[in-house]
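J.: For reference, the structure I am asking about is given below.
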Amino acid sequence: ERELNEVGAVKFQLSRVLDAAGISKSSAYHHFGSRDGIIAAVEIKTVTEQVQNNNRMIRLFVENAPEDQSATEFLRLLVTTSGNDAGEVSRQRRAATLVAAQDNPALAKFVGETQRDGAEQLAETLELAVKRGWVSPTAPILGIAHWILTSVFGRILVDFTHDVETNAVWEEAAFVAL
């Protein structure tokens, strides 16, 4: 993970990782299949933690908000939770994981499971928001949860602009769509 954070996947050197970990190349290949398998394993861990942390934060907000909390604040939270530099890095890593999953069946399976699990967790939170009277969805809640989770990839294109105004108008459009 440290190697990936320091140099990225393109400059990732397996030999440095093996030296630091004190394990043989054959052992690493036995457990992970390849250099890409090792990178994928780290990305799987990272993406899983990010999705779980985002869902946890949103759930805590819904569960602990005062009774007079507005739906507007809840929806704004959904849109803006990852609008900072850390969010951009997170989206870049997710994108890299998706690209790697195209050629790695185990990683592709994991990505699908993570999407389903994350959407189910978010759908439960959205159900709580419905019970609180904050939202009245007209589409299936699980579908909305999937849409919210997948919209992060549309935001990646906005990230490339590195423009505060573009980010702001994207967030406003996403807020209105929600």
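J.: Answer with yes or no whether Glu127 is more than 19 Å from the chain's Cα centre (by Cα), closer than 15 Å to Leu178 by Cα, of a type outside the set (A, V, I, L, M) and in a helix (DSSP H, G or I). Let's see the steps before the verdict.
T.: Numbers: more than 19 Å from the chain's Cα centre (by Cα): yes; closer than 15 Å to Leu178 by Cα: yes; of a type outside the set (A, V, I, L, M): yes; in a helix (DSSP H, G or I): yes.
Against the criterion (more than 19 Å from the chain's Cα centre (by Cα), closer than 15 Å to Leu178 by Cα, of a type outside the set (A, V, I, L, M) and in a helix (DSSP H, G or I)), Glu127 qualifies.
J.: Output the qualifying pairs, or none if there are none: Cβ atoms under 7 angstrom, residues six or more apart or on different chains, first residue in region 43-60 and closer than 13 Å to Thr81 by Cα, second residue charged (D, E, K, R).
T.: Between residues of region 43-60 that are closer than 13 Å to Thr81 by Cα and residues that are charged (D, E, K, R), there is no close pair.
J.: Related question: Which one is modelled with the highest pLDDT, of the residues in region 133-178 that are closer than 19 Å to Asn55 by Cβ, open to solvent by 40 Å² or more (accessible area, probe 1.4 Å) and not in a helix (DSSP H, G or I)?
T.: Filtering first and then ranking leaves Pro140.
J.: Separate question: With respect to Gly8, determine if the residue is free of Cβ contacts under 8 Å to residues at least 12 places away in the same chain and farther than 16 Å from Phe153 by Cα.
T.: When the stated conditions are applied, Gly8 passes them.
J.: Kindly state which helices (runs of 4 or more DSSP H) lie completely within region 1-114 and contain at least 3 residues that are small (Gly, Ala, Ser).
T.: 14-21, 25-32, 35-64, 85-101
J.: Looking at region 97-132 only, could you name the residues that are polar (S, T, N, Q) and open to solvent by 80 Å² or more (accessible area, probe 1.4 Å)?
T.: Gln102, the sole residue that qualifies.
J.: Would a scan of region 90-100 turn up a residue that is β-branched (Val, Ile, Thr) and farther than 30 Å from His31 by Cβ?
T.: As a first pass, look at region 90-100 and keep what is β-branched (Val, Ile, Thr): 97, 99.
Narrowing the set further to residues that are farther than 30 Å from His31 by Cβ leaves none.
No; the residues of region 90-100 include none that is β-branched (Val, Ile, Thr) and farther than 30 Å from His31 by Cβ.
J.: Scan region 1-33 for residues that are modelled with pLDDT under 85 and on the phi > 0 side of the Ramachandran plot and jot them down.
T.: Answer for region 1-33, where residues must be modelled with pLDDT under 85 and on the phi > 0 side of the Ramachandran plot: Gly8, Gly33.
J.: Tell me yes or no: at least one residue of region 6-14 is within 30 Å of Glu120 (Cβ to Cβ) and either hydrophobic (A, V, I, L, M, F, W, C) or open to solvent by less than 80 Å² (accessible area, probe 1.4 Å) (or both).
T.: Yes, some residue in region 6-14 is within 30 Å of Glu120 (Cβ to Cβ) and either hydrophobic (A, V, I, L, M, F, W, C) or open to solvent by less than 80 Å² (accessible area, probe 1.4 Å) (or both).
J.: Between residues in region 149-178 that are in contact (Cβ under 8 Å) with a residue 40 or more places away in the chain and farther than 18 Å from Ser90 by Cα and residues that are open to solvent by less than 50 Å² (accessible area, probe 1.4 Å) and of a type in the set (D, E, K, R), which pairs lie under 9 Å by C-beta distance while being six or more apart or on different chains?
T.: Hits for this filter: Ala174/Arg155.
J.: Here are the criteria: (1) closer than 16 Å to Ala129 by Cβ; (2) at pLDDT below 80; (3) surrounded by 15 or more Cβ atoms within 10 Å (Cβ to Cβ). Tell me which single one Arg59 does not satisfy.
T.: For Arg59, the failing item is (2).
J.: Give me the pairs, please: first residue somewhere in region 89-103 and touching a residue at least 24 places away in the same chain (Cβ under 8 Å) and among the acidic types (Asp, Glu), second residue anywhere and part of a helix (DSSP H, G or I) and surrounded by 14 or more Cβ atoms within 10 Å (Cβ to Cβ), beta-carbon distance under 7 Å, and either six or more positions apart or on two chains.
T.: none
J.: Kindly establish whether Thr46 is open to solvent by less than 20 Å² (accessible area, probe 1.4 Å) and under 16 Å from His146 (Cα atoms).
T.: no
The values are calculated or read from the model by the stated rules, or taken from the named source; none is laboratory data. On a predicted model such as this, the values are computed, not experimentally measured, just so you know. Neighbour counts are summed over all protein chains in view; Cβ atoms, including those assigned to glycine, are modelled from backbone coordinates with ideal geometry. Areas reflect the complete protein model, heavy atoms only, side chains present, ligands, DNA and RNA absent. Shrake-Rupley method; radii C 1.70, N 1.55, O 1.52, S 1.80 Å.
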